[in-house]
Structures are given as structure tokens and as C-alpha cells.
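The values are calculated or read from the model by the stated rules, or taken from the named source; none is laboratory data. Not measured: the values here are computed from a predicted model. Glycine gets a Cβ as well: all are built from the backbone with ideal geometry, and neighbour counts include every protein chain shown.
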Amino acid sequence: MEIWGYLPGTNCGECGEKTCLAFASLLKERKKRLEECTPLFEAKYTEKQKRLAELLAPEIREIEIGIGARAGKIGGEEVMHRHELTFFNRTALAYDVWDTMEEGELRERVRRINDWRKFYIGEFLTLDAIAVRSVSGDARTFAECVKDVAEETDLPLVLCSFDAKVLEEGLKEVSDRNPLIYAADKTNWKEVLGLVKSYNVPVTVFSPDLDMLSSLALTFSSAGVEDIVLDPGTYPTGEGLANSFSRFIRIKRAGMLEGNKVVAYPLLSVPLTAWMIHDEAVEASYWEAVIANLFIIKYADIMILHSIEPYSLIAERTLVANIYTDPRRPVSVEAGLREIGAPTEQSPLFLTTNFALTYYTVESDISSNKIDSYLLVVDTDGIGVEAAVAGGQLNVESIKETLESYDAEKKVKHRTLVIPGLAARLSGETEDATGWTVLVGPRDSGRIPDWMNTNWPPQTGF
Ligand code: SF4
């Protein structure tokens, strides 16, 4: 209602909503942008527009890195815990390359990071950024490396050096791609501040000393730099790791709950530091993943990593996918009638719910076993089979309605429906209500191939 109070209140519909109240609720959910209310930008509403922009600003500043379709946003969060509302921007994972790599090896690694993807619950997981590290310390070598990387990828870049001259040479190559600078510290901040002002790019400030970190952030913000990322240091072991963990929590609490705007910026973690203390690659990858997982949960908005081995990377990226779902909405798929393989009128018709995890498990079990079939997906508000039967979302009426809505009887001649074993108690009533023969399938879709051997084709109803 407070947001609504600042809108023009004319219900003109220019934003695509019928009323200002509807637009206000979508603004709060961040499904609409303020700019979509064009009347608000007329001169007479200037004060209201300003107040509303302040009201809607997230507690933690949201920063964009990169440009174009693969640009990413970090920060912008409103709450400490996902269940209090939702998180809006997931932790961005930046994997490193370095300027002493041989060119062929460099380009190959960039391509692997750029192209990596894994199908997981209805989406392809990808990686978010490439961190280009200066190891040589030589500005021209770094610039060449940045140039090579930029030619291979449109992912956002993080330029890493504590030498402002090195950073500047890299920036000259890619400043138009809005890279994140890493990092300004107590020794180089003047030079880096000059660079950030000249090239207008986001910057990371680094210090494990929280007073120094605040001071650096305040110095940059006072100079007019708005896009700041904070790195309070990621120590890979022992007391240092415990203290790093504590610093992340303290800063996030200060910015989010205590209204300390000086540190209300996204946080950056560097789990790559695991490689400083572990010589053996698998061991280093393992500890890097452990540290990454800790800071994905609390509270890194972006992190720099090294291992692109599946046993490290998959754990990190999957955890990000799991943490950064919207708890207000079950992960669901569209209801409907799917064809798997090349089904005919004699192929089985399986039923499942539209909970994404259930759907993709069943779909994968059927398709990987090359069972040409139909899969009827019932809208259960994104709830899995057992809970949907208990809660009433999967019931005789919803099954009947889905069968009819998607013309299942035109697809198969046998009028036999295979329901999940977990929905067995609906079989009799479903037969009565629909006129279809109902077979009870296995409780676990992984057993569908065995079940097919003894139950398909059916003796009756075929
Ligand atoms: S465009 Fe603005 S004034 Fe018009 S209905 Fe939408 S919110 Fe209200």
C-alpha cells in the first residue's frame, strides 16, 4: 500500500496492468520496473518518483557485470534468509585463467568455461564469469591475455591484479564490456580509484580488516563510485577460515539488518585460495568446493574459483541452483500430454504430476530406457505425487480433466492409463469416473522397464 501511495493513481493502464494497485504489487515482487509507469516520470510526479525509487531500492546494492545477454547481476538482496521472501540474484561463479598460460591452453580453458552446461530440473546450468588473473605481473602480458579471453567468450570478466598499471592495460582491451576490477586495497586504492572513475567500471575493494574495508568502501562511494563489491578475505584453513566466515556474516548483517549503507554491497569470496595450501589437485579441488559451498550459503554474491573438474564444479553449481530457487513457487512444469520417443496408438500412457523434479525424473527414466510412450502431466500446483494425493491436488477430477483437456483418447486406442504406484489408492475411483482401465505402475519410475516386462501390453482394456 505504501508503494501504491506514490503511484499516480490514475489506473491509466500504460504499464500493462489494469490498476495502479496491481502494478504496485508487481513492483514489490520485482516483476515490473518503475520505468514501466511512464506517467510517473512527468515533472509533476518528480518527488514521488524519487521517493518511490528510494523505497524500492534493495537493502544490498544490485550491481551488473558484463554486457549483453550474458551480463549478470549480483547483490540486490532484501533478506538474510531465502524463506523470508526470496533471493533474487544467485551467487555468480567466476572461474579463473591466468596470463602465463600458453595461448592454446588458455583459449581451450576459456571455451570449456564458456560452454559448460548441465541439465538440471528443467534448465541448463551454466557458469557466470571468467576471472583473468595477472600472474606474470607484466602489464602487456596481461593485456594480451585479456584480449585472447575476450575473443573467445562473451561471459562477464573479472580483471585480477593489485597493480593498477596492469589493470589499466587489461581495461584498455575490454572496458566497453563492463568488467569487474579486482581489487583495490590499502596500498593501491588511489590509483585504482582513478581507473574506476576514468573507465566507469565496477570495482572490488579488499581487506580482511573490516574497519579498513569500510573505509575503502566509503572512500570509493564518497568519490561517486556506486558499483562496489566487498572482499573481506577468504582464508582456506583453520582459524583464518573461521574468521572469514564470521566476517561475511557480520558484513551482511550490518548492511542488511543494521542499515549500515557503507557496507551494503555485494560480497566476493575467493575459494581459489584452497590451492595455496594443497599441492595435490584432487585434494585442492575438494577443499575449494567445500569452501565454496560454505560461502554460497553465507553469503557470497560472487566468487572466484579454479577447479573446473566435474567433482568440484558440479557440487558448487548445483548448490547454487538449489539455494537460489524462489520458495514462494514450487518448481513446476506445464501440465499437458508429452510424447516420449515415437509413440503409437498402442504405446503406454503414463501419468505423473507437474512437480519439476518428479517430472524430469520420470521423463528421464522413460526416455533413457527408450520406451516410446505418452506422459500425461497433471497440474498439482507443482507438488509431487505422494503429497499431491494426500493434499488432494492429484485426485480423480484433476486426472479426468487432464485426460480430456489434452485429448488423450485420440492418442491411444487402448484406453489404459498407468498411474504411479504412490497414487494406487486413486485407481478404482479413476476407472469409475473416466471409463479408462487403470494400471498401477511402480512406486519408483526407475522400475518402469521391469514393470513393462510383466505388465505391458495389458491383458485387458487393450
Ligand atoms: S502506468 Fe502508472 S498510473 Fe498508469 S496504471 Fe500503471 S501504475 Fe497506474
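Looking at segment 18-29 only, could you name the residues that are crowded, with 18+ Cβ neighbours inside 10 Å and either more than 9 Å from the ligand (Cβ to nearest atom) or acidic (Asp, Glu) (or both)? Steps first, please.
Looking only at segment 18-29, we keep the residues that are crowded, with 18+ Cβ neighbours inside 10 Å, and these are 20, 23-24, 27.
None - no residue of segment 18-29 is crowded, with 18+ Cβ neighbours inside 10 Å and either more than 9 Å from the ligand (Cβ to nearest atom) or acidic (Asp, Glu) (or both), so the list stays empty.
Would it be correct to say that Leu55 is farther than 30 Å from Thr126 by Cα and within 8 Å of the ligand (Cβ to nearest atom)? Against the criterion (farther than 30 Å from Thr126 by Cα and within 8 Å of the ligand (Cβ to nearest atom)), Leu55 does not qualify.
Scanning segment 386-405 for residues that are over 17 Å from Gly336 (Cβ atoms) and of a type in the set (A, V, I, L, M, F, W, C), which turns out nearest to the chain's Cα centre (by Cα)?
Ala387
Applying the set (1) within 11 Å of the ligand (Cβ to nearest atom); (2) under 30 Å from Asp176 (Cα atoms); (3) exposed (fewer than 13 other Cβ atoms within 10 Å of the Cβ) to Glu36 leaves exactly one unmet item: (3). Filtered by the rule that a residue be out of contact with any helix residue (DSSP H, G or I) (no Cβ under 7 Å at 6 or more places or on another chain) and either surrounded by fewer than 14 Cβ atoms within 10 Å (Cβ to Cβ) or assigned by TED's automatic domain parsing to the domain that holds Tyr359 (or both), segment 133-153 gives a lone residue, Glu151. All conditions in (1) within 15 Å of the ligand (Cβ to nearest atom); (2) more than 30 Å from Phe248 (Cβ to Cβ); (3) not hydroxyl-bearing (Ser, Thr, Tyr) hold for Glu103, with the sole exception of (1).
Screening the candidates Asp301, Asp326, Asp365, Asp372 for the property of being among the charged types (D, E, K, R) and surrounded by 23 or more Cβ atoms within 10 Å (Cβ to Cβ) yields one hit, Asp301.
Here is a yes/no grid of residues against (1) modelled with pLDDT of 95 or more; (2) of a type outside the set (Phe, Trp, Tyr); (3) closer than 30 Å to Leu305 by Cα:
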residue	(1), (2), (3)
Asn322	no, yes, yes
Glu334	no, yes, no
Leu337	yes, yes, no
Thr353	yes, yes, no
Ile366	yes, yes, no
Leu375	yes, yes, no
Asp381	no, yes, no
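Return yes or no: is Ser222 surrounded by 19 or more Cβ atoms within 10 Å (Cβ to Cβ) and polar (S, T, N, Q)? Give the steps one after another, and end with the answer.
Numbers: surrounded by 19 or more Cβ atoms within 10 Å (Cβ to Cβ): no; polar (S, T, N, Q): yes.
Answer is no for this residue.
Considered as a group, the residues in segment 406-443 that are among the small types (Gly, Ala, Ser) and in contact (Cβ under 8 Å) with a residue 24 or more places away in the chain include one that is farthest from Arg338 (Cα to Cα), and that residue is Ala433. Determine, yes or no, whether Lys370 is touching a Gly at 6+ places or on another chain (Cβ under 9 Å), farther than 30 Å from Leu216 by Cα and not hydrophobic (A, V, I, L, M, F, W, C). Yes: the conditions hold for Lys370. If you go through segment 78-132 and keep only what is surrounded by fewer than 17 Cβ atoms within 10 Å (Cβ to Cβ), among the charged types (D, E, K, R) and part of a strand (DSSP E or B), you end up with Arg117, Lys118, Glu123.
The residue list Thr46, Thr10 contains one member that is under 30 Å from Asn200 (Cβ atoms), within 16 Å of the ligand (Cβ to nearest atom) and among the β-branched types (Val, Ile, Thr), which is Thr46. Output yes when any residue across segment 65-77 is more than 16 Å from the ligand (Cβ to nearest atom), outside the structural domain of Lys18 (by TED's automatic domain parsing) and either modelled with pLDDT under 90 or polar (S, T, N, Q) (or both), and no when none is. No, every residue in segment 65-77 fails to be more than 16 Å from the ligand (Cβ to nearest atom), outside the structural domain of Lys18 (by TED's automatic domain parsing) and either modelled with pLDDT under 90 or polar (S, T, N, Q) (or both).
Checked against (1) part of a helix (DSSP H, G or I); (2) more than 10 Å from the ligand (Cβ to nearest atom); (3) surrounded by 16 or more Cβ atoms within 10 Å (Cβ to Cβ); (4) among the hydrophobic types (A, V, I, L, M, F, W, C), Ile60 passes all but a single condition, namely (1).
So that you can scan it fast, the table gives a plain yes or no per residue for (1) outside any helix (DSSP H, G or I); (2) in contact (Cβ under 8 Å) with a residue 12 or more places away in the chain; (3) of a type in the set (A, V, I, L, M):
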{"residue": "Met212", "(1), (2), (3)": "no, yes, yes"}
{"residue": "Phe220", "(1), (2), (3)": "no, yes, no"}
{"residue": "Ala242", "(1), (2), (3)": "no, no, yes"}
{"residue": "Arg253", "(1), (2), (3)": "no, yes, no"}
{"residue": "Tyr265", "(1), (2), (3)": "yes, yes, no"}
{"residue": "Ala274", "(1), (2), (3)": "no, yes, yes"}
{"residue": "Ala284", "(1), (2), (3)": "no, yes, yes"}
{"residue": "Tyr299", "(1), (2), (3)": "yes, yes, no"}
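Glu316 meets all of the listed conditions (1) in contact (Cβ under 8 Å) with a residue 40 or more places away in the chain; (2) assigned by TED's automatic domain parsing to the domain that holds Ser398; (3) not in a strand (DSSP E or B) but one, namely (2). Of all residues in segment 190-219, those satisfying the criterion of being under 30 Å from the mean Cα position of the chain (by Cα), among the polar types (S, T, N, Q) and closer than 18 Å to Asp163 by Cβ are Thr204, Ser207.
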